[in-house]
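Structure first, then comments.
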Amino acid sequence: MKPVIPAVKAVIIQGNSFLGLKKSGMEQEVYDLPGGKMEYGETQRECLIREVFEETGLGASPVLLYDTWNVIFPDYQISGVFYLVKTENIKEIHLSREHQSYKWL
């Protein structure tokens, strides 16, 4: 049996736009949502708060379970959820080394 890895993503909205993060080292204009894989013993809420802070420097509070997603690779599957979140100090985004830029999409 191949492993299924749980993950979370945050939909951070400002006005009529949402925050997209561009991964470092990518030339294409491909943006992803803040988030990532859960660590052992972590809840979805804890993971979401940790990942949003690590990737953007923003404090986040999950508000609504929005949707689900799955990505299947040859050796494993990532199964995740999207949460609508509230954030603090949205004007001060500090990206991690994992991302090279951000855009309101």
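FYI, it's all coordinate maths here, none of it is from the lab. On a predicted model such as this, the values are computed, not experimentally measured, just so you know. Glycine gets a Cβ as well: all are built from the backbone with ideal geometry, and neighbour counts include every protein chain shown.
Can you name the residue in segment 80-105 that is in a loop (DSSP other than H, G, I, E, B) and among the basic types (Lys, Arg) and, of all such residues, is nearest to residue 33 (Cα to Cα)?
97
Within segment 12-54, how many residues turn out to be of a type outside the set (Ser, Thr, Tyr), within 24 Å of residue 73 (Cα to Cα) and in contact (Cβ under 8 Å) with a residue 24 or more places away in the chain?
Residues flagged as of a type outside the set (Ser, Thr, Tyr), within 24 Å of residue 73 (Cα to Cα) and in contact (Cβ under 8 Å) with a residue 24 or more places away in the chain within segment 12-54 amount to 16.
I'm trying to understand the selection: among the residues of segment 37-61, which are assigned to a loop (DSSP other than H, G, I, E, B) and of a type in the set (Asp, Glu)?
First pass over segment 37-61, keeping only residues assigned to a loop (DSSP other than H, G, I, E, B): 38-43, 57-59.
Matches in segment 37-61: 39, 42.
Which ones in segment 62-100 are within 12 Å of residue 45 (Cα to Cα) and within 13 Å of the chain's Cα centre (by Cα)?
Kept after step one, since they are within 12 Å of residue 45 (Cα to Cα), are these residues of segment 62-100: 62-65, 81-85.
Answer for segment 62-100, where residues must be within 12 Å of residue 45 (Cα to Cα) and within 13 Å of the chain's Cα centre (by Cα): 62, 81, 82, 83, 84, 85.
Can you pull out the residues in segment 67-91 that are touching a residue at least 12 places away in the same chain (Cβ under 8 Å) and among the aromatic types (Phe, Trp, Tyr)? Explain how you work it out, then say what you get.
Quick first cut of segment 67-91, residues touching a residue at least 12 places away in the same chain (Cβ under 8 Å) only: 67-69, 75-90.
Listed by number, the residues that qualify are 69, 76, 82, 83.
Exactly one condition in (1) outside any helix (DSSP H, G or I); (2) surrounded by 13 or more Cβ atoms within 10 Å (Cβ to Cβ) is false for residue 29; which is it?
Here residue 29 clears every test but (2).
Sort out which residues of segment 42-67 are within 23 Å of residue 99 (Cα to Cα) and of a type in the set (Val, Ile, Thr), and write them in order of number. Walk me through it before giving the result.
Start the filter on segment 42-67 by keeping residues that are within 23 Å of residue 99 (Cα to Cα), which leaves 44-62.
Across segment 42-67, the qualifying residues are 49, 52, 56.
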